[in-house]
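The values are calculated or read from the model by the stated rules, or taken from the named source; none is laboratory data. On a predicted model such as this, the values are computed, not experimentally measured, just so you know. A quick note on method: Cβ atoms are made from the backbone with ideal geometry, for glycine too, and the neighbour counts reach across all protein chains shown. Remember, those area values only see protein heavy atoms, side chains included, never the ligands or the DNA or RNA. Shrake-Rupley method; radii C 1.70, N 1.55, O 1.52, S 1.80 Å.
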Amino acid sequence: MELQLHTGDIGNYLKNHDIKPSYQRMKIFQYLLDNHVHPTVDTIYKALCPEIPTLSKTTVYNTLNLFVEKKLVQVIVIEENETRYDLITHTHGHFKCNCCGTLFDVELNIDYSMSPELADCKIDEKHIYFKGLCKNCKGKQN
């Protein structure tokens, strides 16, 4: 279930979520819409810096934190030293290839209410990660 927005709608979308739609915020959000690669702060910064020379990593970081706070983006931490961001916020899993580093979404159909261990718990977040070899890297090893 991917978010569908036209470039001209981003400002209104951010306003509807109580975010002042500055040029830099709209460009960062547009990058997330156009590049569903679960980017890091550094990836976004390097991609947008040629177009926005005044952009700083701090601005990218603060903007992403604001998006997370407003529940427009979710944080993904599969590796301790690598924080990534995902525009898709509904419950789904992620697979990271140990060989090529590719990270992609995995749709899941899990009924958490059926788990007796979770019966009396209040769940605020769900993070499901898989690691291994993607089909391309697995095929190269055969």
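The protection proxy used here, the mean number of other Cβ atoms lying within 10 Å of each residue, ranks peptides 99-110, 36-47, 121-132 as follows, highest first: 36-47, 99-110, 121-132.
For the peptides 83-95, 12-24, the ranking by mean Cβ contacts within 10 Å, running from highest to lowest, is 83-95, 12-24.
Here the Karplus curve 6.51 cos²θ - 1.76 cosθ + 1.60, taken at θ = phi - 60°, turns the phi angles of the range 76-87 into couplings of 10, 10, 8, 9, 4, 9, 9, 9, 10, 10, 10, 6 Hz, with x standing for Gly and Pro. Taking amide H as placed 1.01 Å from N in the peptide plane, Ile76 has its amide H under 5 Å from the amide H of Arg84, Tyr85, Asp86, each at least 5 places away in sequence or on another chain. Taking the accessible area of the chain, probe 1.4 Å, and keeping the other protein chains in place, the carbon and sulfur fraction comes to 50%. Karplus-derived 3J(HN,Hα) values for the range 116-121, using 6.51 cos²θ - 1.76 cosθ + 1.60 with θ = phi - 60°, are x, 5, 9, 3, 9, 9 Hz; glycine and proline are entered as x. If R0 equals 30 Å, the separation of the Cβ atoms of Asp9 and Ile123 corresponds to a calculated FRET efficiency of about 0.45. With the helix formula -39500 (n - 2.57) applied to DSSP H stretches of n ≥ 4, the chain reaches a computed 222 nm mean residue ellipticity of -9500 deg cm²/dmol.
Amide H contacts for Tyr129 (H built 1.01 Å from N in the peptide plane; partners 5 or more residues away or on another chain; cut-off under 5 Å): His94.
Express the accessible area of the chain per residue in Å², computed with a 1.4 Å probe while the remaining protein chains stay in the model. Could the numbers behind the result be given before it?
Working: 9220 Å² over 142 residues.
That works out to 65 Å² per residue.
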